[in-house]
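The values are calculated or read from the model by the stated rules, or taken from the named source; none is laboratory data. Being a predicted model, the structure only gives us computed values, none of them experimental. Cβ coordinates were reconstructed from backbone atoms using ideal geometry, including for glycine residues, and neighbour counts include every protein chain displayed. The accessibility values were calculated without ligands, DNA or RNA, using every heavy atom of the protein model including side chains. Shrake-Rupley method; radii C 1.70, N 1.55, O 1.52, S 1.80 Å.
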Amino acid sequence: MDMNQAEPAETPAPVRAARFAYTPAAEDYDKALWRYTLHTWPGRTRYLLLLGAAGAVACVFKAWRMHLDQTQTIVAAVLGAIAVLVVRQYFRRRRTRDQYAVHAAHGACLTTIAEDGLTTTGTSGETDAVEWRSYPWWFETPDLFVLTGSMEFLFVLPKRGAASPEDLDRARALFTRHLRQI
């Protein structure tokens with residue numbers, strides 16, 4: 001064989017479509033948010049530095065204005081940090097509930113995952129088709145597949161909707177091929 005000729009790279013065979021029939025549940029979105037917030041790097045770090053810096057500046061300004069001693073300043077800083085985290089989680093939960101409400105309006109759903117993306121059809125008659133580039137990341141929990149690009153949107157796909165274990169494997173293969181696992 002001539003060493004100057006490169007062999008063509010093998011392209012992986014396309015994976016057949018996976019189908020999931022399910023009814024969206026608020027608990028699924030809560031679990032997905034919890035896992036995203038605590039176990040993924042985007043969930044733990046998104047806006048945290050900005051919020052922490054804003055809290056620290058506000059705390060130092062307040063300590064300077066009130067002439068607090070060192071202990072009072074530290075207590076105020078800790079309380080400020082806790083407040084920032086609580087408010088952050090509150091708004092995340094609110095956004096996730098809004099996403100659930102939009103998805104639940106479809107009624108019972110049939111989601112098909114194929115090479116070109118996801119297509120969800122609800123009993124309401126509405127169909128949504130989403131390309132892979134809309135969700136650059138995905139992660140898996142024991143009960144869910146979750147596709148995300150940021151906290152502004154999560155797509156929660158319950159594993160209970162899979163028709164067979166092969167559909168779970170096909171979905172996992174398609175997610176791995178088109179998205180980055182976090």
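Those helices (runs of 4 or more DSSP H) of segment 2-110 in which 2 or more residues are among the acidic types (Asp, Glu) and modelled with pLDDT of 80 or more occupy 26-39. For segment 172-180, state whether one or more residues are free of Cβ contacts under 8 Å to residues at least 40 places away in the same chain, touching a strand residue (DSSP E or B) at 6+ places or on another chain (Cβ under 6 Å) and not in a helix (DSSP H, G or I). No. Here is the figure for segment 99-129: residues that are under 15 Å from the mean Cα position of the chain (by Cα) and either surrounded by fewer than 12 Cβ atoms within 10 Å (Cβ to Cβ) or of a type in the set (A, V, I, L, M, F, W, C) (or both) total 0.
Of all the residues in segment 129-158, those that are free of Cβ contacts under 8 Å to residues at least 24 places away in the same chain and either assigned to a helix (DSSP H, G or I) or in contact with a Leu (Cβ under 8 Å, 6 or more places away or on another chain) (or both) number 3.
Return yes or no: is ASP167 in contact with a Lys or Arg (Cβ under 9 Å, 6 or more places away or on another chain) and either outside any strand (DSSP E or B) or open to solvent by 10 Å² or more (accessible area, probe 1.4 Å) (or both)? It is true that ASP167 is in contact with a Lys or Arg (Cβ under 9 Å, 6 or more places away or on another chain) and either outside any strand (DSSP E or B) or open to solvent by 10 Å² or more (accessible area, probe 1.4 Å) (or both). Scanning segment 148-163 for residues that are modelled with pLDDT under 90, open to solvent by less than 50 Å² (accessible area, probe 1.4 Å) and under 14 Å from THR112 (Cβ atoms) yields one hit, PHE155.
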